[in-house]
Amino acid sequence: VQLSPLRPVMFLLGLLYQEYRDKSTREEIETRRLQDSQTGPEETSPSEETPSEAEPTSTTENKAPPQISLLRNSNSRFNLWQDLPEIRSSGVLSILQPDEIKLQEAMFELVTSEASYYKSLNLLVSHFMENERLKKILHPSEAHILFSNVLDVMAVSERFLLDLEQRVEENIVISDVCDIVYQHTVNHFSVYITYVSNQTYQERAYKQLLQDKPAFREVISQLELDPKCKGLSFSSFLILPFQRITRLKLLVQNILKKVEEKSDRESTALDAHKELETVVKACNEGVRKMSRTEQMISIQKKLEFKIKSVPIISHSRWLLKQGELQQMNGPKTSRTLRTKKLFREIYLFLFNDLLVICRQIPGDKYQVFDSAPRGLLRVEELEDQGQSLANVFILRLLENADDREASYMLKASSQSEMKRWMISLAPNRRTKFVSFTSRLVDCPQIQCVHPYVAQQPDELTLELADVLNILDKTDDGWIFGERLHDQERGWFPSSMGEEILNPKIRAQNLKECFRVHKSDDSQRRKLGSRNRQ
C-alpha cells in the first residue's frame, strides 16, 4: 500500500494512550485558561469563540499533534497537523481558510489518538494477557472476567484505525472522518458495551486476585515495572476501552463545533455523535445495572416495616442518596428547648421514585415508619433561625404512607449536606444560580483541573477539562453542577475546578452545547430549560 506522508508519523507515536490523553486534556485546560484571561472587547468573533480561539499554535484542538512534536524534540513547542513538513511543503496552508485548518487539526487528532489507543490496547494483550506466567496462575474463568472481550475490542480498534488511515492517504487535506466513525459505531462498537458492562465484575475479580493470590500480585508488579509500561498501572490499561469510547464522543463534538453549519459534514458529525452517545449511555447503564441490583437487595434485607410494607426491589428503581439527619421533636413552639432534646436521629433512603424514612435499630437494621413517592416531596429552607437551627429545612410529604400530608423539620450536619438533601429530594426547585423558568442568558461555569471520583450516589465523577454549569454552591466548598457535554448532574468539591470568568467563553460553551445536541429536539428542549440562565 502506498503510504501517505502522514502515516509514518502516526506509527512513530511514542506515547501510550494514557499519556496521550493526559497531555491532551492538560493542553485543553491551559488553552481555556488563556482564553478566560483575555477580557478585551476584540478577543473573540462569532467564528472564533470556540475553546480554540487562541492562535493556531495554542489551540484546544491541537491536543494530539503536540505529542508528535515531543517525539522529535522534547524541548520544542507542540507540533500540529499544519506544522508537519509534508503539510508546509505542499503549499496547502496558503489556500485553506483558518477555520478549515482548525477542522483539519480536530480530525487529525481523532486519527492519531486512535493510533495511540491501539498501541496501549496491544500492550495490554501482548504484555499482560498473553504473559505465560500469568496464564499459569489464572484459571480460564478468572482470565475471562479480568480481560473480558478485549481481543474483540482491539480487533475493532484496528479495523477502525485502518479505515481512518486509508482516508488520510486519499488526500493530504482530510475530507472527513465522521462518516467512518458513524459506520463503525453502528456496525462494530457494541463490543464496547460488552466490555464496559463487565467492569464491576472485573474490578472485583482484580481486587480478589491481588488479595488471594500472592503469585498473581508478584507477576503483575513485575510486569508493571517493565519500561514498556512507562510507570502506568495494570488497572489503567484495563479501563482503556471505557475511557476511549467516552473520549471519542468528545472528539466528534470538537469536530462538530468546527464544521460549516448546515453542511454535509455537519450532518455526518451529528449522526456520528448521536450513535456514539447511544453507545456511551448503554455502557453507563451496563456498569450501573449490576451494582444497583446488588445494592437494592442489600437495602431490602436491612428494612423492617412498622407501616404497611413497600416492595423495595424493582428493575426501574435505584438509590439516589442515603444518610442520617436529625428530626425536630414536638411542635414548632418547642424551639426554646435545649438542642439535645430538640432533635432525634432518623435515617433516610431516597430512591429515584420513592422516599423511605426510618429509625436505626440494633443489628444494622432500619425500622421504616413513613414513606412517600419522590414526586410528592417538597422542601423549604429555614433561614436566620439561630445556631441551634442552622442547616435546618422542612420536608413535606404531600401524601405519605397513611395517605395524608406530613411535615418533618430536619437538621443536616453542614450546609452542603443540607443543600445536597434538598436538591435530591426536590430536584426541580430553584437553586442558587438557576431558576428552571428563567430566561437569563448567562450562568456560572467551571472547568475541571483535577479529576474526581464520585464517593456518593449524588456526586459526579469528573474528568480533566470537563466544563460544567454551576447550578448551586455552598460556603463549605461544594458545587452542584451540570456537565455540558452529557448533561449529567451531581456534587463535587469546588477545589476540583476553576471558574470560567469570561462571559463570552461561557456563552460560546452554551452555544456549542446547543449545536451538538440540535439533532435531538427533545434533548434540545431539555437543554434549553436547564441552560438558558
With N residues in segment 103-172, Rg(alpha-carbon) / (2.2 N^0.38 Å) equals 1.43
Taking only C-alpha positions in segment 436-520, Rg and Dmax in angstrom work out to 12.7, 40
The farthest towards the positive end of the charge dipole of segment 436-520, of the residues 491, 450, 517, given +1 on Cβ of Lys and Arg and -1 on Cβ of Asp and Glu, is 517
Mean accessible area per residue over segment 436-520 (1.4 angstrom probe, all protein chains present, square angstrom) is 40
Heavy-atom accessible area of residue 498, protein chains in place, probe 1.4 angstrom, given in Å² to nearest 10, is 70
Residues meeting the amide H criterion for residue 361 (H placed from the backbone, H to H distance under 5 Å, 5 or more places apart or on another chain) are 366, 367
The set of residues whose placed amide H lies less than 5 Å from the amide H of residue 471, leaving out same-chain residues fewer than 5 positions away, is 480, 481, 482
So for R0 = 41 Å, FRET eff. of residue 403-residue 136 from the Cβ-Cβ r, to 0.05, ends up at 0.05
Filtering chymotrypsin sites (Phe, Trp or Tyr not before Pro) in segment 111-171 by DSSP loop and by at most 11 other Cβ atoms within 10 Å leaves none
Working note, segment 244-338: Cα radius of gyration (Å, one decimal) and Dmax (Å, whole number) are 24.0, 71
Quotient of Cα radius of gyration and Kirkwood radius for segment 82-239, i.e. Rg/Rh, equals 1.10
For segment 155-256, Rg(Cα) over 2.2 N^0.38 Å is 1.39
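The values are calculated or read from the model by the stated rules, or taken from the named source; none is laboratory data. Quick caveat, the model's predicted, so the values are computed rather than measured. Note that each Cβ is placed from the backbone with ideal geometry, even for glycine, and that neighbours are counted across all protein chains shown. In case anyone asks, the SASA skips ligands and DNA or RNA and just uses the protein heavy atoms, side chains included. Shrake-Rupley method; radii C 1.70, N 1.55, O 1.52, S 1.80 Å.
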